[in-house]
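Asker: Take this structure first; my questions come after.
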Amino acid sequence: MLNWFLKNRSKKHTAVILSDLEIKKKQFDRMLSLANSILNKAEQRQVNEGYRHPILDFVKLLGMKLQTAYLTNLLYEDDHGETKKYPSITPWLPFFGLSEKVSLDGKTMYNMIYNKEENRTIEVNIIQDLVLPWPWNISRYVESISSIGESRPWGKWKEDTSNHRVDVLLPMGICFVEGGNHSITSGIIYGEGTLIAKNVYDFSEVYKYVYTDGLQYKRLEDDSVISEVMNIEFAAIFEVGRMMLAQGISR
């Protein structure tokens, strides 16, 4: 064991120091390589009834870091300042601005994703799916965690159709919470809960105009920069969504 430690410590001291951007690019490429491996492995398996494609679990894995940051933000500070460290999560926030021009003729993400799919609802499992709530009120946070669950005052977690509102982004199946942030947070922590999402948005049009190399989002038409990548995991999710579309996979 000592020899292993000394050997690896020596490697660390002699290794070439990479820049932050080089590290970020290397991590991004690794994430996409893992996604490809999962897709390739899944193609070799027989699909049975009730099959959930494992790439959806990988999307969740990629998004869990941001999910955890939001679920736990009130543990560290009261997030009510003018500049919020954790703003409300929307279907565009982890990627780039809704009003950014993604095509040379001026199309924006708003033009492309805010077309609701007609007659489509999705049942969201708040444990199995990547659900991104934004708990922002400490008293509601405490009340929900204390009250929801078997033998607790409010009983088992259940959908509140007057309060719970979730948007689902396809094909990746990311679930953005618009209403019921605190009770949905409690459901994730407690480990139970399903609800119906009626707002379903599709990223497929965006892929015709945008790609990311893990460092920037760029226009496919001329490689010009739309935005810097602020969240490497969601940059990876963005490109995993493209892979999913190519293989006809969607949540």
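Quick note: the coordinates plus some simple rules give every number you see, no bench work behind them. Note that the structure is a prediction, hence the values are computed from the model and not measured. Note that we place each Cβ from the backbone using ideal geometry, even for glycine, and neighbour counts take in every protein chain shown.
Asker: Quick one: which of 196-204, 231-239, 168-176 comes out on top by average Cβ neighbours within 10 Å, and what's the full order, highest first?
Answerer: Per-residue Cβ counts within 10 Å, averaged per peptide and sorted highest first, yield 168-176, 231-239, 196-204.
Asker: A follow-up question, please. Kirkwood hydrodynamic radius of segment 138-244 from all distinct Cα pairs, in Å?
Answerer: Hydrodynamic radius (Kirkwood, Cα only) of segment 138-244 equals 16.1 Å.
Asker: Please tell me the relative contact order of segment 2-246 in percent, rounded to the nearest whole number, where contacts are Cα pairs under 8 Å and at least six residues apart.
Answerer: 24 percent
Asker: Given the peptides 46-55, 210-219, 180-189, 138-147, arrange them by the average over their residues of other C-beta atoms within 10 Å, most packed first.
Answerer: Averaged packing, sorted descending, gives the order 180-189, 210-219, 138-147, 46-55.
Asker: Using 0.36 nm times the number of residues separating I138 and R52, minus their current alpha carbon distance, what extension gain do you get?
Answerer: 27.4 nm
Asker: What ranking, highest mean first, results for peptides 92-98, 241-247 when packing means the other Cβ atoms within 10 Å averaged over each residue?
Answerer: Per-residue Cβ counts within 10 Å, averaged per peptide and sorted highest first, yield 92-98, 241-247.
Asker: OK, next. Identify the residues of segment 222-242 with backbone N under 19 Å of a label point that sits 7 angstrom from the Cα of D29 along the Cα-to-Cβ direction, or state none.
Answerer: Counting backbone N atoms under 19 Å from the label point, the list is 229, 232-240.
Asker: So if we plug the beta-carbon distance of S99 and N125 into 1/(1 + (r/R0)^6) with R0 = 22 Å, what FRET efficiency do we get, rounded to 0.05?
Answerer: Rounded to the nearest 0.05, the efficiency is 0.10.
Asker: To the nearest µm²/s, what D does Stokes-Einstein give for segment 2-246 at 25 °C and 0.890 mPa s, using the Kirkwood radius over alpha carbon pairs as Rh?
Answerer: D = 123 µm²/s.
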